[in-house]
Amino acid sequence: MDEEIQREALSAALEAIAERIEAEKGHLTDLDSAIGDADHGANMHRGFQAALEQADRDADPDAFVKGVGMALVSKVGGASGPLYGGSLAHASGELAEGITAESSVAFAEAYLEKVKDRGGASVGDKTMVDALTPAVHTYRRAIEVDGLDPLTALARATDAAERGVAFTIAIRASKGRASYLGWRSVGHPDPGATSTLYLLEEIRDVAAEYLDGDLDATAREPETEDDAGESEVDG
């Protein structure tokens, strides 16, 4: 994609994410009411509305993403601001030369590592990391090992994130406010993992308008017989 198309795609993605978060605000609040502070939906909605209003549509990709991140930091309350926004701002530097398959992998990995560093969470703690880790690992494998196009890789990553959200339902929280509930946290999906999935779904769908590839591919499908026994959802 040339620079103008990249800017257009990023703007479209932000608009789609803001609209999705607005539509899911009540659901995210319900999820957070069960195991948290009941504010995740409102906080995320406030943050992405601010990002939408403040976005510089003429900025280069790295500056655009950094601006979104800083808007989230300033408007999203609690731990989510630094986790979502601060990590976006940190990872944005990987897009300094534009959006390519290689830079998008570097961006995804930098984002994941900063989220883990800021939150001190690992796979199995019942946090957004449980959706984000399999998504990023699946995306990198699809690009670097399987040689797939970015859209197919995004489809597989989103599928992996969806299964990561499902994984959080059956496990006990060991981080954040949900950890205070002990075994009562079991049976509820993590709100942060869920909102992470929403972001990925919107990015995937917007990417489908700009990239060639296969949206039907899933992370469950191995590329070769040798891969059949491997899991792409390992954290």
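The values are calculated or read from the model by the stated rules, or taken from the named source; none is laboratory data. Because the structure is predicted, anything quoted here is derived from the model rather than measured. No Cβ is skipped: glycine too gets one built from the backbone with ideal geometry, and neighbour counts run over all protein chains shown. For accessibility, only protein heavy atoms count, side chains too; no ligands or nucleic acids. Shrake-Rupley method; radii C 1.70, N 1.55, O 1.52, S 1.80 Å.
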Q) Which numbered condition trips up Gly235, out of (1) at pLDDT 95 or above; (2) closer than 28 Å to Glu102 by Cβ; (3) small (Gly, Ala, Ser)? A) (1)
Q | Residue identified as open to solvent by less than 20 Å² (accessible area, probe 1.4 Å) and either of a type in the set (A, V, I, L, M) or on the phi < 0 side of the Ramachandran plot (or both) among Ile99, Ile21 | A | Ile21
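For the stretch 185-214, enumerate the residues that are at pLDDT 70 or above and in a loop (DSSP other than H, G, I, E, B).
Val186, Gly187, His188, Pro189, Asp190, Leu211, Asp212
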Q: Quickly run through the stretch 29-76 and pick out the residues that are surrounded by fewer than 21 Cβ atoms within 10 Å (Cβ to Cβ) and in contact (Cβ under 8 Å) with a residue 60 or more places away in the chain.
A: Ala34, Asp37
Q) Is it true that Glu102 is of a type in the set (Asp, Glu) and not in a loop (DSSP other than H, G, I, E, B)? A) yes
Q) Considering Ile203, Ile171, which residue is open to solvent by 20 Å² or more (accessible area, probe 1.4 Å) and more than 27 Å from Met1 (Cα to Cα)? A) Ile171
Q) Can we say Thr158 is in contact (Cβ under 8 Å) with a residue 60 or more places away in the chain, of a type in the set (S, T, N, Q) and out of contact with any Pro (no Cβ under 6 Å at 6 or more places or on another chain)? A) no
Q. Can you name the condition, by its number, that Ala79 falls short on among (1) open to solvent by less than 40 Å² (accessible area, probe 1.4 Å); (2) of a type in the set (A, V, I, L, M); (3) at pLDDT below 95?
A. (1)
Q. Taking Ile5, is it hydrophobic (A, V, I, L, M, F, W, C) and under 29 Å from Ala166 (Cα atoms)?
A. no
(Q) among the acidic types (Asp, Glu) and either under 16 Å from the mean Cα position of the chain (by Cα) or in a loop (DSSP other than H, G, I, E, B) (or both): which single residue out of Glu4, Glu19, Glu53 fits that description? (A) Glu19
